[in-house]
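To start, the structure under review is shown below, and the notes come after it.
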Amino acid sequence: MTQLESAKSGITTDEMVHAAEGEPLTPEEIRDGIADGTIVLCSSSRQPPVRLVPIGKGLSTKVNANIGTSRDLVNLDDEIAKVQAAVEAGADTLMDLSTGGDIDGIRKAIIAASDIPVGTVPIYQAAVETMEKRDRAINQMDPDDLFDVIERQAADGVSFMTVHCGVTRQAMKRLEREGRIMGVVSRGGSFLLEWIRSNDQENPLYEHFDRLVEIARKYDVILSLGDGLRPGCIADATDRGQIQELLCLGELTQVALDSGVQVMIEGPGHVPLDQVETNVLLEKRLCHGAPFYVLGPLVTDICPGYDHINGAIGGAIAAGAGADFLCYVTPSEHLGLPKVKDVREGVIASKIAAHAGDIAKKLPGAADRDLEMARSRKKMDWDKQIELSIDPARAEDFRKERPSSDGDVCSMCSEYCAIKIQTK
């Protein structure tokens, strides 16, 4: 049985018990959340076993790090270094988005190098193989080849997959009637729209959703229903094309849950600050409370080089409003493939956003570390402050690089430290 089928039968699995460690919910509460579709449990049958990561209502907000090669940059050693950097910085999951080199081999190496769940976007590999191995255009992709990639990746031990099932002919027409500044910015969404237009057929992931569900159930893979029509600039946010896709995903969510397959929903990319909470509430209402996985969101379009900060602002608002899973954004977003340093900075920024969101959601224990930090600052216990910080190595570097003549204080206020003055 899948985790969802077990939960619906009232069975608390060993995975649910282990997943509850360090979370504000009991194993039984996690089981009930999985049963009603408001929690998913990222696990895998692969060996050695992965860290179990529960995502959803009542749980700490989780963070994902995207890595992977491109056609221009293929270096497996770099990708493994990114895996290590992401894990060390506190990422809860990874996604391999590789589109260059030996994609099967790269995925297997990333899975082997990581003890956290790994996700993929199968349409990427299917498109690459169509163009490179079969010497065809994307619009000549055979749907059977796409489903072959999906099963191949599932068999390798992938924990969750992004599948753009809501990019339908109806959504495409609605999008075209309204018009957009940026059009479609999702790679998976653009691949499928091109296929739909050229073949005058329905998206195979939608038309043959039962086939997709069958594979996901066989391997107990979470379907992450992707936002192929997400806005690529804040002017396009929350438009009819995006909402049409979300309506479709809500219907497919129920189909998957009824079939014993776990589901989460992916959310929009560029969304102005005043629409972030609205997007979270819409997803929760239309998609049966399924866990919401958001990219950022990015609340402005003018931050190349600083989009990790941009994404953290949107991510904190989204998490506080009820989003469950943040996909990190790196400083190199919109500019190029991230380097190891970018991966680390992206994870840390999103971890800050996730933590801020958990405090806003008033999760039990979420602010305990903050209270301990405040008490350590009051006592000027620098070792404890560094230990409690979200990035101890960086905090320690700043402390050492900017020494004060008085070891009790920092070099910002020195002898005029407000805390020290009050303790005299």
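The rows are residues; the columns are (1) exposed (fewer than 12 other Cβ atoms within 10 Å of the Cβ); (2) within 30 Å of Leu295 (Cβ to Cβ); (3) without any contact (Cβ under 8 Å) to a residue 40 or more places away in the chain; (4) in the same structural domain as Val329 (by TED's automatic domain parsing).
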| position | (1), (2), (3), (4) |
| --- | --- |
| Met373 | no, yes, yes, no |
| Lys378 | yes, no, no, no |
| Leu388 | no, yes, yes, no |
| Cys413 | no, no, yes, no |
| Tyr416 | yes, no, yes, no |
| Ile419 | no, no, no, no |
| Quick one: is Ile215 touching a residue at least 60 places away in the same chain (Cβ under 8 Å), in contact with a Ser or Thr (Cβ under 8 Å, 6 or more places away or on another chain) and of a type outside the set (Asp, Glu)? | no
| field | Residue list for the stretch 251-271, restricted to those being of a type outside the set (A, V, I, L, M, F, W, C) and surrounded by 20 or more Cβ atoms within 10 Å (Cβ to Cβ) | value | Thr253, Gln262, Glu266, Gly267, Pro268, Gly269, His270
| Condition test on Ile352, is it hydrophobic (A, V, I, L, M, F, W, C), part of a helix (DSSP H, G or I) and without any contact (Cβ under 8 Å) to a residue 12 or more places away in the chain? | no
| Residues in the stretch 148-164 that are crowded, with 24+ Cβ neighbours inside 10 Å and outside any helix (DSSP H, G or I): how many? | 7
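Matching residues to (1) part of a helix (DSSP H, G or I); (2) touching a residue at least 60 places away in the same chain (Cβ under 8 Å):
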residue	(1), (2)
Glu23	no, no
Val50	no, yes
Val74	no, no
Leu94	no, no
Ile106	yes, no
Ala112	yes, no
Tyr124	yes, yes
| request: Kindly indicate whether Leu193 is hydrophobic (A, V, I, L, M, F, W, C), under 27 Å from the mean Cα position of the chain (by Cα), within 26 Å of Val263 (Cβ to Cβ) and modelled with pLDDT under 95. | output: no
| remark: Within the stretch 325-350, the residues that are of a type in the set (Gly, Ala, Ser) and surrounded by 24 or more Cβ atoms within 10 Å (Cβ to Cβ) are Gly346, Ala349, Ser350
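Residue by residue through the stretch 29-45, note down the ones that are more than 15 Å from Thr93 (Cα to Cα) and either crowded, with 22+ Cβ neighbours inside 10 Å or modelled with pLDDT under 95 (or both).
Going residue by residue through the stretch 29-45, those that are more than 15 Å from Thr93 (Cα to Cα) are 29-39, 45.
Across the stretch 29-45, the qualifying residues are Ile30, Arg31, Gly33, Ile34, Gly37, Ile39, Ser45.
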| field | Cβ pairs under 7 Å, 6+ apart, first in the stretch 25-39 and farther than 23 Å from Leu223 by Cβ and free of Cβ contacts under 8 Å to residues at least 24 places away in the same chain, second surrounded by fewer than 24 Cβ atoms within 10 Å (Cβ to Cβ) and among the hydrophobic types (A, V, I, L, M, F, W, C) | value | Thr26/Ala20; Pro27/Val17; Pro27/Ala20
| Subset of the stretch 399-411 (residues that are within 37 Å of the chain's Cα centre (by Cα) and either touching a residue at least 40 places away in the same chain (Cβ under 8 Å) or exposed (fewer than 14 other Cβ atoms within 10 Å of the Cβ) (or both)) | Lys400, Glu401, Arg402
| note | The correct count of residues that are farther than 18 Å from Ala290 by Cβ, touching a helix residue (DSSP H, G or I) at 6+ places or on another chain (Cβ under 6 Å) and of a type in the set (Gly, Ala, Ser) in the stretch 1-28 is 1
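The values are calculated or read from the model by the stated rules, or taken from the named source; none is laboratory data. If you're wondering where the values come from, they're calculated on a predicted model, not measured in any experiment. Reconstructed Cβ throughout: ideal geometry from the backbone, glycine too, with neighbour counts over all protein chains shown.
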